[in-house]
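Q: Before I ask anything, here is the structure I am working with.
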Amino acid sequence: MGEATATAARLGTILRHLSPRLADGLTTFPTSAQIASVKYPMEYRYTLDNNLLTPEQRHFYDENGYLLIKNLVSDEDIERFRNEFAKICKKEVQVPGLIIMRDVAIAKSEFVPDQKAVTKIQDFQEDEELFRYCSMPQILKYVECFTGPNIMAMHTMLINKPPDSGKKTSRHPMHQDLHYFPFRPADLVVCAWTAMERIDRSNGCLVVLPGTHKGSLKQHDYPDWEGGVNKMYHGVRDYNKSLPRVHLVMEKGDTVFFHPLLIHGSGMNSTEGFRKAISCHYASADCHYIDVKGTSQENIEKEVVEIARRKYSVSTPITLKDTWMIRGRLVKGERTNL
């Protein structure tokens, strides 16, 4: 074989590896890059390319609407969050703007001020210790894959799911988080939800309907449950109940990131202990507020506004947007809009 012929042969081999289309009609063994380009698209709708997520992870989130990262928050940090929660429940710490929630089954009963009477706290952005969760570098590096570099912490919760009283009120109906949020676009919003202990079906783990993030925001109302429903626990009115469900079993420190349109909920806690998790909803600072009047979110606006008026004795007209503007905190980058 002459030198020119050998050179042409080597060039043909290189072309087949780099671009099969340029070597039309030739066959070769596929490279790993070619396999990946077939299995995983080069463009993803729901994640950004910042070299953290693997193609497999990006493809999984695109298809399913959630991504579970193991062992992301340390035991030490979780214990600090537990201790701060206990102080809040005992009223040793007063947090401005904090919302304390109790299960409908125990809300009217006699109770002492401790964590057995509290099922959830919301809006802990003014508590320095708990808000540390929202600005953890190991959390934010993943959040940036969904929101971009300018990140707002919009909604904070520590959930203390109680042992069920027998009325199944510890359940959380299937819902979409976007129902509560008057900001868009939805694809630039993500929730980080961290297990504070092992969570499985026995104590009411998260239940998700993979792929439902690709749909639209659905009408939400209070479900017609015999034992009663907790305040603000709206559920999707109509969805395909035959869709496959995934129960997210998580170990202490595991964190799941999920899209605000993903339909999800949680079962009742059939154990004797309290199931704890901490979460934060993040949004790109480039998002914008919308007017929800005339939309499916109008019912939640009326409820939230009424609660805000009673709590803060507000007499001037306010909107759902107003209640969210005071909660948001910049945790990374610049506050460009939101």
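Q: Summing Lys, Arg as +1 and Asp, Glu as -1, what charge do residues with Cβ under 11 Å from the Cβ of Met174 carry, Met174 excluded?
A: Values: positive: Arg171, Lys218, Arg237, Lys241, Arg245; negative: Asp238.
Counting the neighbours of Met174, the net charge comes to +4.
Q: Right, something else. Go through 147-155, 123-131 and give me the packing order, highest mean Cβ count within 10 Å leading. Display every interim value, and only then the final one.
A: Details: 147-155: 22.0, 123-131: 18.9.
The packing order, highest mean first, is 147-155, 123-131.
Q: Here is a follow-up. Of all accessible surface on the range 183-285 at a 1.4 Å probe, what whole percent is carbon and sulfur? Each step should come with its number before you reach the end.
A: On the way: 1890 of 3790 Å².
Of all accessible area on the range 183-285, carbon and sulfur atoms account for 50 percent.
Q: Quote the accessible area belonging to Met101 in square angstrom, nearest 10, computed with a 1.4 Å probe and with ligands, DNA and RNA left uncounted.
A: Looks like 20 Å² after rounding.
Q: Follow-up question, since we're still on this one. What full-extension length gain, to one decimal in nm, is calculated for Asp49 and Glu126 as 0.36 nm per residue of separation minus the Cα-Cα distance? Numbers along the way, then the final one.
A: Values: separation 77, 0.36 × 77 = 27.72 nm, distance 3.24 nm.
Gain in length upon complete extension: 24.5 nm.
Q: What order do you get for 302-310, 241-249 when each peptide is scored by the mean count of other beta carbon atoms within 10 Å, highest first?
A: Details: 302-310: 14.2, 241-249: 12.3.
With the highest mean Cβ count within 10 Å placed first, the list reads 302-310, 241-249.
Q: Under the 0.36 nm per residue contour assumption, what length would be gained going from the current alpha-carbon distance of Lys167 and Val314 to full extension?
A: Numbers: separation 147, 0.36 × 147 = 52.92 nm, distance 3.53 nm.
Computed gain between Lys167 and Val314 is 49.4 nm.
Q: Can I ask one more? Please say if the range 263-338 is rounded, prolate or oblate, where rounded means a/c under 1.5 for a ≥ b ≥ c the square roots of the C-alpha gyration tensor eigenvalues, and otherwise the choice is prolate for a/b larger than b/c and oblate otherwise?
A: Details: a/c = 1.86, a/b = 1.29, b/c = 1.45.
Oblate, because a/c is 1.5 or more while a/b does not exceed b/c.
Q: Remind me, relative contact order of the range 159-279 in percent, using alpha carbon pairs under 8 angstrom and six or more residues apart? Each step should come with its number before you reach the end.
A: Working: 269 pairs, mean separation 62.9, N = 121.
Averaging sequence separation for qualifying contacts and normalising by length gives 52 percent for the range 159-279.
Q: How many nm separate the modelled label positions at Asp200 and Glu79, each set 7 Å beyond the Cα in the direction of the Cβ?
A: Here the answer is 2.4 nm between the modelled labels.
Q: Separate question: Which distance in nm do the two modelled labels at Lys141 and Lys214 give, with both placed 7 Å along the Cα-to-Cβ direction?
A: 3.1
Q: Here is a further query. Given a Förster radius of 22 Å and the C-beta distance between Met232 and Thr295 as r, what FRET efficiency does 1/(1 + (r/R0)^6) yield to the nearest 0.05? Write down the numbers at each step before the final one.
A: On the way: r = 18 Å, r/R0 = 0.81.
E(calc), rounded to 0.05, equals 0.80.
Q: If r is the Cβ-Cβ distance from Leu243 to Lys87 and R0 is 41 Å, what FRET efficiency results, to the nearest 0.05? Don't jump to the answer; show the numbers that get you there.
A: Numbers: r = 41 Å, r/R0 = 1.01.
The calculated FRET efficiency here is 0.50.
Q: To continue, here is another question. With only Lys, Arg, Asp and Glu charged, each at its Cβ (+1 for the first two, -1 for the last two), find how big the charge dipole of the range 197-288 is about the Cα centre; round to the nearest 20 debye.
A: On the way: 11 positive and 10 negative charges, 25 e Å.
Its charge dipole is roughly 120 debye.
Q: Same structure again: Relative to 2.2 N^0.38 Å, what does the C-alpha radius of gyration of the range 161-285 come to as a ratio? Two decimals please. Before the final figure, lay out each step's value.
A: Working: Rg = 14.3 Å, N = 125, 2.2 N^0.38 = 13.8 Å.
So the range 161-285 has a normalised radius of gyration of 1.04.
Q: I need the Kirkwood Rh of the range 121-190: take the reciprocal of the average 1/r across all distinct C-alpha pairs and report it in angstrom. Display every interim value, and only then the final one.
A: Numbers: mean 1/r = 0.0691 Å⁻¹.
Kirkwood hydrodynamic radius for the range 121-190: 14.5 Å.
The values are calculated or read from the model by the stated rules, or taken from the named source; none is laboratory data. Everything quoted here is computed from the prediction, not taken from an experiment. Here the Cβ is made from the backbone with ideal geometry for all residues, glycine too, and neighbour counts use every protein chain on show. When the accessible area is computed, the model is the full protein with side chains, heavy atoms only, and any ligands, DNA or RNA have been set aside. Shrake-Rupley method; radii C 1.70, N 1.55, O 1.52, S 1.80 Å.
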